[in-house]
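Trainee: Pasting in a structure now, in structure tokens, and then I'll have a few things to ask.
The values are calculated or read from the model by the stated rules, or taken from the named source; none is laboratory data. Model, not experiment: these values are computed from the prediction. Don't worry about glycine lacking a Cβ; one is built from the backbone with ideal geometry, like all the others, and counts go over all protein chains shown. Keep in mind that these areas ignore ligands, DNA and RNA; they rest on the heavy atoms of the full protein, side chains included. Shrake-Rupley method; radii C 1.70, N 1.55, O 1.52, S 1.80 Å.
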Amino acid sequence: MYKIAVMGDRDSIYGFAALGLEPFPFTDPADAGKKMRQLAESGYAVIYITEALAAQLGSEIERYREADLPAIILIPGVSGNTGQGILAVKKSVEQAVGSDIIFNN
């Protein structure tokens, strides 16, 4: 059975443990990048990551963009929504469908 992880600052992610997701708190991007690779190689199907941490791990996240697993999903943190999560979804939809069906631009 696949597992689901959530990465980011402690305040943003610990509520997800109540839903059965495994929280991995990080503030250092180098440590977070190593952990993301470890999670991807050990059977995690979905990794939720706060937008703030994802902004520091762009190249690491890009590595898994074309891969079947894990799916890397950006979520807002306690500091608020930066809009990067919806832009990532928009980019994925454009790639899959061939046009912008979300914003119709």
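Trainee: Please identify the pairs in which a residue from the stretch 71-85 that is under 22 Å from Tyr44 (Cα atoms) has its Cβ atom under 7 Å from the Cβ atom of a residue that is at pLDDT below 85 and open to solvent by less than 40 Å² (accessible area, probe 1.4 Å), counting only partners at least 6 apart or on another chain.
Mentor: Going by the 7 Å Cβ cut-off, the qualifying pairs are Leu74/Gly85; Leu74/Ala88; Ile75/Gly85; Pro76/Gly85.
Trainee: Follow-up question, since we're still on this one. Name every residue in the stretch 27-41 that is farther than 17 Å from Arg63 by Cβ and open to solvent by less than 70 Å² (accessible area, probe 1.4 Å), in order of residue number.
Mentor: Once the filter is applied, which keeps residues that are farther than 17 Å from Arg63 by Cβ and open to solvent by less than 70 Å² (accessible area, probe 1.4 Å), the stretch 27-41 yields only Asp28.
Trainee: Quick one: what pairs do we get from the stretch 29-54, first residue among the charged types (D, E, K, R), second modelled with pLDDT of 95 or more, C-beta under 8 Å, 6+ apart or different chains?
Mentor: Within 8 Å, the pairs are Lys35/Met7; Lys35/Phe24.
Trainee: While we're looking at this one, here's another question. Just to verify a result, which residue in the stretch 61-73, among those that are outside any loop (DSSP other than H, G, I, E, B) and out of contact with any strand residue (DSSP E or B) (no Cβ under 6 Å at 6 or more places or on another chain), is least open to solvent (accessible area, probe 1.4 Å)?
Mentor: Out of the qualifying residues, it is Glu62.
Trainee: Could you please give the count of residues in the stretch 48-59 that are open to solvent by less than 30 Å² (accessible area, probe 1.4 Å) and within 21 Å of Glu94 (Cα to Cα)?
Mentor: Result for the stretch 48-59: 2.
Trainee: For the structure I just gave you, tell me whether Ala17 is open to solvent by 20 Å² or more (accessible area, probe 1.4 Å) and under 11 Å from the mean Cα position of the chain (by Cα).
Mentor: For Ala17, the condition - open to solvent by 20 Å² or more (accessible area, probe 1.4 Å) and under 11 Å from the mean Cα position of the chain (by Cα) - is not met.
Trainee: Please go through the stretch 74-104 and pick out each residue that is open to solvent by less than 60 Å² (accessible area, probe 1.4 Å) and modelled with pLDDT of 85 or more.
Mentor: Of everything in the stretch 74-104, those that are open to solvent by less than 60 Å² (accessible area, probe 1.4 Å) and modelled with pLDDT of 85 or more turn out to be Leu74, Ile75, Gly77.
Trainee: Does at least one position in the stretch 4-24 carry a residue that is among the small types (Gly, Ala, Ser), touching a Lys or Arg at 6+ places or on another chain (Cβ under 9 Å) and modelled with pLDDT under 95?
Mentor: Taking every residue of the stretch 4-24 in turn, none turns out to be among the small types (Gly, Ala, Ser), touching a Lys or Arg at 6+ places or on another chain (Cβ under 9 Å) and modelled with pLDDT under 95.
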